[in-house]
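The values are calculated or read from the model by the stated rules, or taken from the named source; none is laboratory data. Treat the numbers as computed from the prediction; the structure is a model and nothing was measured. We place every Cβ from the backbone using ideal geometry, glycine too, and count neighbours over all the protein chains shown. The protein model used for the area step is the full one, side chains on, heavy atoms only, and it has no ligands, DNA or RNA in it. Shrake-Rupley method; radii C 1.70, N 1.55, O 1.52, S 1.80 Å.
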Protein chains: 2
Amino acid sequence: MFTKFRNKFPISDERWIEYTSYFNRIEAPAKTTLLEEGEVSKKLFIIEKGCIRVWFNNNGKDLTTQFFFENQSVASIESFIKQFPSPVVIETIEPSVIWWISKNDMDKILEEVKEIPELRDRFIDMIFQRTFDYIRHFVSFIKDSPTQRYLTLIEEKPQIIQRVPQHYLASYLGVSTVHLSRIKSKLVHKK
Amino acid sequence: MFTKFRNKFPISDERWIEYTSYFNRIEAPAKTTLLEEGEVSKKLFIIEKGCIRVWFNNNGKDLTTQFFFENQSVASIESFIKQFPSPVVIETIEPSVIWWISKNDMDKILEEVKEIPELRDRFIDMIFQRTFDYIRHFVSFIKDSPTQRYLTLIEEKPQIIQRVPQHYLASYLGVSTVHLSRIKSKLVHKK
DNA sequence: TTTATTTGATAACAAATGTTATCGTTGGCG
DNA sequence: CGCCAACGATAACATTTGTTATCAAATAAA
């Protein structure tokens, strides 16, 4: 699982073995809750196989905010970093193989990583990149119609369309399930 | 302008004097463009007095994505960091007093700051905090009605309501100017 | 002051989107 | 294999929101 990343970490073999040993492998069936609402996040997940969504309950409505797939890392990020109760639930969509690392071990790695200029800069770049992604995402709500957001998703993240049940997709796009169905239907008939 | 921040920077007086000398003061009337669309961002701004908005032209429509006030720093962030053409315009709303620092000088400071653990961690925290803010912002588009978003804004960022012309606010909230007017009117009559 | 520009409210109508309900299909599981 | 739950499509109707146009008020500039 981790060997493919080895060349990206200019650290000693000893460190590498230590760091990778921090990770724990689990297999989770579909619809397994990995983090509950209100729970303080103690684990960061990395997906080897499968697919995860982040969602929360808003007055009885199930609203999905993000999807994650193979090789992506997932956490209730603000909860993980600040050790607040998580406002969101993390849940598998498909049966998944997942590796997790504890907050403590992750902090240990980060402390050391921050002293290595190359890794530290990559870490900072990563955070910035996430920020840019979120900016694009919220701008799309100001700029685009739901139909346009759907088309953009097909272009940019086809995995989501292909692997995620449509009713999860709807709230992610900010529309009702019925309306998403209508959007698809209109697109088909226009063609 | 900068002395009030002095105690937050555990660096030598020499460094402090050097760093603050990088900044340039300008006074700009209302509706001054500080960065044009398509221009590569070379300056980071800090607002001493006044108010700035970030916006872009979308098929002839003026869409505002952010507002900034006293003591906040502003840039077309992705453009500033990656040196891409900026997709957005940065413009004063009120007559403003602004300090700017060049990309080069800022990079110089950052390189040194990254070696000071306390400052480096504060810098990373700042980036994370911005990320969290953007997450909250986009979640509000999934979760809340425009009316609710307006009410939340009154609670959390009253400055925006008080100082920003309403038609800029509308696109920020993701509605038309007419509809924002309706929202206000309904709220008044319900009370 | 006078005038032009900016800003905001409102009405009337059109379009988009939500809600509720029904039905058919699919796929996992006993 | 058969059943049940999950999923998605569709219709009918209600509500929200956008568009265009007009007018009034406030503000800035001449």
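Some points to look at:
- Subset of segment A:72-89 (residues that are farther than 19 Å from B:Ile127 by Cβ and within 12 Å of chain B (Cβ to nearest Cβ)): A:Pro87, A:Val88
- Scanning segment A:1-32 for residues that are closer than 18 Å to A:Lys103 by Cα and among the polar types (S, T, N, Q) gives A:Thr20, A:Ser21, A:Asn24.
- Within segment B:110-132, tally of residues that are open to solvent by 30 Å² or more (accessible area, probe 1.4 Å) and either hydroxyl-bearing (Ser, Thr, Tyr) or at the interface with chain A (Cβ under 7 Å from one of its Cβ atoms) (or both): 1
- Residue in segment A:72-83 that is free of Cβ contacts under 8 Å to residues at least 24 places away in the same chain, surrounded by 19 or more Cβ atoms within 10 Å (Cβ to Cβ) and farther than 27 Å from A:Ser21 by Cβ present: yes
- Residue check, B:Phe45 surrounded by 15 or more Cβ atoms within 10 Å (Cβ to Cβ) and away from DNA strand C (no atom under 16 Å from the Cβ): yes
- Scanning segment A:34-57 for residues that are touching a Lys or Arg at 6+ places or on another chain (Cβ under 9 Å) and part of a loop (DSSP other than H, G, I, E, B) yields A:Ser41, A:Lys42, A:Cys51.
- Summed over segment A:84-99, the residues that are within 22 Å of A:Val40 (Cβ to Cβ) and open to solvent by less than 60 Å² (accessible area, probe 1.4 Å) give a count of 8.
- Segment B:58-71, residues that are part of a strand (DSSP E or B) and either in contact (Cβ under 8 Å) with a residue 40 or more places away in the chain or more than 14 Å from every other protein chain (Cβ to nearest Cβ) (or both): B:Lys61, B:Asp62, B:Leu63, B:Thr64, B:Thr65, B:Gln66, B:Phe67, B:Phe68
- The one condition in (1) surrounded by 15 or more Cβ atoms within 10 Å (Cβ to Cβ); (2) within 11 Å of DNA strand C (Cβ to nearest atom) that B:Arg149 fails to fulfil: (2)
- Complete set of residues in segment B:162-176 that are under 18 Å from B:Asp144 (Cα atoms) and near DNA strand C (Cβ under 10 Å from one of its atoms): B:Leu169, B:Ala170, B:Ser176
- Residue within segment B:22-33 that is within 24 Å of A:Tyr134 (Cβ to Cβ), not assigned by TED's automatic domain parsing to the domain that holds B:Leu153 and not charged (D, E, K, R) present: no
- Qualifying residue in segment A:156-175 (condition: touching a Lys or Arg at 6+ places or on another chain (Cβ under 9 Å), of a type outside the set (A, V, I, L, M) and over 22 Å from A:Glu94 (Cα atoms)): yes
- When residues of segment B:152-191 are limited to those that are open to solvent by 20 Å² or more (accessible area, probe 1.4 Å), hydrophobic (A, V, I, L, M, F, W, C) and within 13 Å of DNA strand D (Cβ to nearest atom), the one farthest from the other protein chains (Cβ to nearest Cβ): B:Leu187
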